[in-house]
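Please read the structure below before turning to the comments.
Bear in mind that the values in this text are calculations on the coordinates, not laboratory data. All values reported here derive from a predicted model rather than from experimental measurement. Every residue, glycine as well, gets a Cβ built from its backbone with ideal geometry; the counts of neighbours run over all protein chains shown.
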Amino acid sequence: MHILLQQDESLQQQYDLLARIWKEKHDDINEEDNINASNIISRIMSRATDESTDADMVTRPKRRRRRLITYLAFSSFVIITSAILFYQQRDNSRLTEQVKSETIVTHKGSRLQTLLADGTTVWLNADSKLHCNNDFSGATREVTLEGEAFFDVVKQANQPFIVHTSGIDIKVLGTAFNVKSYPEDKNVETTLYRGSVEVYRQNDSLNTSRHLVPNHTLRISKQAANEVPQLSEEKRPLAKDAPALPFIIPIDSTKQESERMETAWVYDQLKFDVIPFEEVAKKLERWFNVTITFTDEKVKKINVYGSFTDETVEEAFAALKVGFPINYKINKHDILIGSSQ
């Protein structure tokens, strides 16, 4: 092989070019793959060399020599190109496997918008996780949520979209809805804006479900989701300390989505309306990426309300202090809250 390359400058240039392409494309493959590829090239080059040696026993016209050189160069090009395509296909296959199982994470103080494989748009609130269970090529499109997310689902009549969260399954076709289910939350809340959804308890032997229509919120306790299905219909109301059953709450549909409490966060607004400070503190922690500690238990029960958009954490707490009887101290990411009375 080397004799032929030395004898023909153009062949040597073509070989060097192909070798450089191979190196640039496959610097990241492992040594075993590189050896296998090199062996393939060597075999075809050796075959061409053998033919060249046999042909040199007799006087050969220049046309035949050029034909051999062309064959050698073309064969080398084909085998190298095929090998490159093979490894690219292998890498693409590995990428596809990764896409089939993907987890999207947001940390405290951050929110993001993302597009799923089927074209569904998802807004993920702070400190949340969304796990895509498959690549949406099967009979269903399934995700698992921990935290809060707003889904605008692409309609596919023969392929339902299912959200799994805290013992609850939410099944839709094409719709827009919000799901809130942080680990520390006592309830799972599903708020529907467009379309329709069916909400099921996971592993529900009673096969019960709740149908939700637009501009309503379905609230179900996590305890109910995990325990009530084990009870019969007759015993369920009589069970001692039985958790509250799901109930549906209408939302104010006269307001635009950007002004509604349930979805204001999608539009970069933090809103809360007359709820205990202890619950507000959880929202503030996620929104500003801080840790809040109460130095007075009574402050936790103060009902507060507010709305923040571009405020810093210092500005937000200054506003809360004006409206409510609290004192606070901020030390970087740690905030102490006490009573001013």
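Summary value for the range 129-207: 25 percent relative contact order, contacts being C-alpha pairs under 8 angstrom separated by 6+ residues.
Restricting to DSSP loop positions (anything but H, G, I, E, B) with no more than 11 other Cβ atoms inside 10 Å of their own Cβ, which trypsin sites (Lys or Arg not before Pro) remain in the range 112-163?
Listed in order of number, the matching sites amount to none.
Calculated from the alpha-carbon coordinates, the range 269-339 shows an Rg and a Dmax of 10.8, 29 Å respectively.
State which entries of Lys283/Lys332; Lys129/Lys255; Lys255/Lys282; Lys180/Lys255 exceed 23 angstrom in Cα-Cα distance in the structure shown.
Violating the 23 Å Cα-Cα cut-off are Lys129/Lys255; Lys255/Lys282.
Amide H contacts for Thr140 (H built 1.01 Å from N in the peptide plane; partners 5 or more residues away or on another chain; cut-off under 5 Å): none found.
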